[in-house]
Every structure is written in structure tokens, then in C-alpha cells.
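Right, one structure below, let's go through it.
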Amino acid sequence: MPPFRPSLTLLLSAALITLIGCSEPQQEREPEASGSDNGVSDYPVTWRFALEEIEGSVQHVYANELKERIESISDGNIELDVFPYGSLGTSAQLTELTQDGSVHLAFASPGHLADTIPEVGVFTLHFVLSDHKEVNRDLLASDQLLDLFSAPYAEHNMKLLGFVPEGWMVWTANKPLRRPEDFQGLKIRTMTANLAAEAYRAYGADPQPTPYSQVYSDLQLQRIDGQANPVFAIEEMGFYEVQSTMTFARPAQFIASVVSNREWYEALPGEQQQWLDDALAKVAQQIYRKQAELNESRLLKITEDSNISLVRLTEEERERFREASLSARDTYVERAGDRAENILNTMLDMIATREQELAGSDNGDGY
Ligand code: 6CS
């Protein structure tokens, strides 16, 4: 049994009321000061960091690493309070809490966030990223990529602090999904943003946008036929218990963004902003390896604990999905506009250029 079950509504409501009750009303509220007016801070200061995933997840590993680093760099002057999924709210609620300053830092996954910031829907498209590990790692860590997204986030009162790779999306269902035709009419759970459904609509599926906390029960009750998530999440959320097959097609990596309230970040005293930036940079260097290790060990656990079938698509099979996926790019551009088109084209150029530079080097991205 996974350590989490989805009946969270009461728990979430209570926690939200407590947290919001601590804040002033949104319209009258200044961003919470982290130091005094004269630049001298009253230490220690506590920052709240909200996660979209439960304890043991990639986001939790990231947050613990950040906590250790920030508390050490600041010599204990900053304390980071980490709130795993289930303690504050759904992804959409966490974004609201960040925008109004109730939490200082949070994860915001594009599959949910694209209803607020349509441009991030690019990360829900299939076959955009490379099969080459270094290409993806360099892309996600690049300032050029962050610059492309900083204005869209800022317009929604969020500061984009980084993109975090969490592993390839793996499809689970009660049958193998080897061809786009296998998706015909399939009720596949997607993350809640409208754009997140488009990649699967392109295969003829019947997407079912659903909050993360509801996926297990919807699979169990067969209200949905399948879902997509990285391996570590399939393990810790127990999805493998209620599905017969995992199909590995490497259509997209699960990419999360780390954000803060923009006004809060900009009002941070200089030394605190520096500590945060330094700690984020250190964690960014480690997380790619850590998520890969976590995904590998969780796959082992799934295969030890169950008889689930693992289906790995051939390159020919993947190519059929790639071709079928391309129409979703047009929908993305139509819905998200010119800035989104520029983002997609720039990313494709950056990936192609880096792939050429690394041509011939054997660096497949297993996870
Ligand atoms: O599928 C989801 O909704 C979630 N999956 C992961 C791996 N992280 C957060 C997200 O909300």
C-alpha cells in the first residue's frame, strides 16, 4: 500500500484555512517581509515551500536538499518549512497560495499551470525533448530557457526560479499502448490544464483532466482507463497496483517549475536573495542524477512487488507516435499565441543545435 490515499479534501481544507488564516486579506496584503526596513533582518526567518508531491518524491528530495543548503549557507538564519502534497492543496491551489504570498516557494507543474500560463503547455507536448540526456539537461538548466519564460511567470506574480526534470512519462493502462490507434477512445487521465489534454487528443484518446489526488481511486473504480507519470510517481501513488501494463514510449519528460511569489523575491534583502540563488544553483546540479536514481530504484520496487507487464516501444513504434503527436503543436500555438510559438521554435532550435554538437556520443536518456 502506498503511504498516501486520495481522500484529502477535508485535510486540505483545514490546512488551507489555517495557512490563509495566518495571512492578511489578499487585496490589502503586502508581500511578507523577510527583514526589517533598514536592511537588518530579524533572524531566524522562516520560508514556506509547498510541494505537489508526497514525501519520498523527486520534489521532496529536491526540497530537502534545498532546505539543507539554505539553512547551512545562511548559518541557520533561514529556516525552510517544507509542505508535501496533502498538507496544503492541489497544484492549482498551491499556485494561488504562491501568487498571494501565503507560501513563499512552490512547485508548479506545467500540466496544471498551463491554464494560468499557457506558454508552459510546451512541456506537455510530445517528442519535443531529446533522447539525449545531456541535451535535455543543458536545455533545462540554460538561462536562455529561463529568460523565455520569465515574463509569462512575472505577469502572474511569480518568479520562475528553475525547471526540474523528474523523469520520462510512462503510460499505464490495462493493455499495452503500442500504436496511436491503441489510444482510440481510451479514457486517459491528464493533468488539469486544458492544453495537457491535447497531446492525447492527437492520438484519438478521450482525455480526462483530473487532480493528482483522485487518480488512484478513478483507476481503481475504472472511471478512467490509464494515466501518464514518471516511474517514481507510479510507484509511490500506487498506480501500478491497479493497472496491468506500463508502456515506455519516452514521449515527454515530466518537467516541474520551481517558483516563488515575485514581490516577495524582489523584496528579499540582498544577502537572502543571494543565499536562495546559491542554494538553488547547487540543488539544480544534483537533481538530474537524483531523479534518475529514484526512478531506477522505484522501477525495481514495482517489478518486485507486482506482476505488471513492462512494454518498451521500438524506435519504429515511437516514430508513429511522434508523427501523430505533431498536430498538438499547432493547437498549442493557436491557443497560447505568438510568444508560445517563439518558445516552441527556440526550444526545438536549441535542442537540434546541441544534438548536432553531441552527435555520435552515446548518451541515451533511460529515465
Ligand atoms: O500527475 C500529476 O498531477 C503530478 N505528477 C507528478 C509526478 N508530480 C506533480 C503532479 O501534480
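The values are calculated or read from the model by the stated rules, or taken from the named source; none is laboratory data. Bear in mind the structure is a predicted one, so any value in this text is a computation, not a measurement. Heads up, the Cβs are rebuilt from the backbone with ideal geometry, glycines too, and the neighbour counts pull from every protein chain shown.
Would segment 151-161 turn up any residue that is within 28 Å of Ser244 (Cα to Cα) and away from the ligand (no atom under 16 Å from the Cβ)? Within segment 151-161 (the criterion being within 28 Å of Ser244 (Cα to Cα) and away from the ligand (no atom under 16 Å from the Cβ)), the answer is no, since none of the residues qualifies.
Tallying residues that are out of contact with any Pro (no Cβ under 6 Å at 6 or more places or on another chain), within 19 Å of Ala173 (Cα to Cα) and not small (Gly, Ala, Ser) within segment 305-319 yields 9.
The set of residues in segment 69-86 being within 14 Å of the ligand (Cβ to nearest atom) and either of a type in the set (Asp, Glu) or modelled with pLDDT under 95 (or both) consists of Gly86 alone. Among the residues of segment 211-244, those identified as more than 13 Å from the ligand (Cβ to nearest atom), free of Cβ contacts under 8 Å to residues at least 60 places away in the same chain and outside any helix (DSSP H, G or I) are Leu221, Gln222, Arg223, Asp225.
Restricted to segment 246-266, and to residues there that are more than 26 Å from Ser306 (Cβ to Cβ) and outside any helix (DSSP H, G or I), the residue that is nearest to the ligand (Cβ to nearest atom) is Ala256. Only one of the listed residues (Ser41, Ser13, Ser23) is modelled with pLDDT under 50 and part of a loop (DSSP other than H, G, I, E, B). That residue is Ser23. Name the residues in segment 159-210 that are outside any strand (DSSP E or B) and among the hydrophobic types (A, V, I, L, M, F, W, C), would you? Hits for segment 159-210 are Met169, Leu177, Phe183, Leu186, Met191, Ala193, Leu195, Ala196, Ala197, Ala199, Ala202, Ala205.
Table: residues versus (1) closer than 27 Å to Glu304 by Cβ; (2) touching a helix residue (DSSP H, G or I) at 6+ places or on another chain (Cβ under 7 Å); (3) not charged (D, E, K, R).
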position: Leu160; (1), (2), (3): no, yes, yes
position: Phe163; (1), (2), (3): no, yes, yes
position: Pro180; (1), (2), (3): no, yes, yes
position: Gln184; (1), (2), (3): no, no, yes
position: Tyr203; (1), (2), (3): no, yes, yes
position: Glu235; (1), (2), (3): yes, yes, no
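Output the residue which, of all residues in segment 90-111 that are within 11 Å of the ligand (Cβ to nearest atom) and part of a loop (DSSP other than H, G, I, E, B), is nearest to the chain's Cα centre (by Cα). My answer is Ser109. In segment 321-344, what residues are in a helix (DSSP H, G or I) and under 26 Å from Phe248 (Cα atoms)? The answer is Phe321, Arg322, Glu323, Ala324, Ser325, Ser327, Ala328, Arg329, Asp330, Thr331, Tyr332, Leu344. Just one of the numbered conditions (1) surrounded by 23 or more Cβ atoms within 10 Å (Cβ to Cβ); (2) under 24 Å from Glu316 (Cα atoms) is not true of Ile234: (2).
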